[in-house]
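A short worksheet on the structure shown next.
The values are calculated or read from the model by the stated rules, or taken from the named source; none is laboratory data. Here the structure is a predicted model, which means the values were calculated and not measured. Every residue, glycine among them, receives a Cβ derived from its backbone with ideal geometry; neighbour counts consider all protein chains shown.
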Amino acid sequence: MTSGRESAFVLEASQLSKSYGERPALRELSLRLVRGRILGLIGPDGAGKTTALRLLAGLMRPDAGQILVSGVDVARRGAALRGLIGYMAQAYSLYGDLSVEENFRFFAAMLGVASREIPAMEERLLGLAMLLEHKKKPAGTLSGGMYKKLALACVLSHKPPLVLLDEPTNGVDPISRRELWAFLRELVDDGTSVVIATPYMDEAERCDEVALLVDGRIVAHDNPTRLMAEHQAGGEKGATFEDVFLALSEASSEKDEKS
């Protein structure tokens, strides 16, 4: 990959590896994502999802491999990434004593949004998040789902082409979870690209494509519908996505044992 050419991909990650001491967290992970799609990093705790997102966000450096975001090399152009990436960690901290509106305006300013542009962005994003009628409420009084939606709106305030989300639906109720996914789909329909890490297998089917992670390695990367169809064609009629994941995980483990 080279950073000097126009690319059709918002994200290009090639052969990423990362270890913590002697423990490998990621092994030769490669991903590509075009504009306006949701890629799900699906896997259990400890599979390497958070490490992958931190590398993609430029918060850590890989031991090997390269990452380009909109053609910019993440390892070499740290300052240039500010406008290209929105990153929401599992524990995204808002100011509980500030209102919804005050939080949004603070984070938008921190992310470099011009003061004259903030009101319009606030109207649009808090509207998509269904938070406009709550904008005077202290963030600390919001429900878990509303809190997550406000955090996401703040992350999006500078209009990044790529958004990285680490388990954003963890700990929220089913209705809020559905609303959060509706919010994401609105963004994607408007051209934003999203990488979302989740351990929930049912969320895989909401993604445009999925990368299934097992022990830091991608064992499958495809459209979820095709993955399901291929698995069911192998004799597993009525299989769930969890069945698909478990079958691929077991096959990967057997392959590792033989190698």
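What to note about this one:
- Look at (1) without any contact (Cβ under 8 Å) to a residue 12 or more places away in the chain; (2) over 22 Å from Ala220 (Cα atoms) and you find that Gln90 fails only one, number (1).
- In region 156-207, residue nearest to Thr50 (Cα to Cα) [restricted to those that are of a type in the set (Ser, Thr, Tyr) and either in a helix (DSSP H, G or I) or touching a Ser or Thr at 6+ places or on another chain (Cβ under 8 Å) (or both)]: Thr198
- Identity of the residue in region 61-83, among the hydrophobic types (A, V, I, L, M, F, W, C) and either surrounded by fewer than 21 Cβ atoms within 10 Å (Cβ to Cβ) or in a helix (DSSP H, G or I) (or both), that ends up modelled with the highest pLDDT: Ala64
- Matching residues, region 216-250, being over 22 Å from Ala197 (Cβ atoms), at pLDDT 75 or above and among the aliphatic types (A, V, I, L, M): Ala229
- Selection status of Val113, among the β-branched types (Val, Ile, Thr) and free of Cβ contacts under 8 Å to residues at least 40 places away in the same chain: no
- Residue check, Arg206 farther than 24 Å from Leu111 by Cβ, of a type in the set (D, E, K, R) and free of Cβ contacts under 8 Å to residues at least 12 places away in the same chain: no
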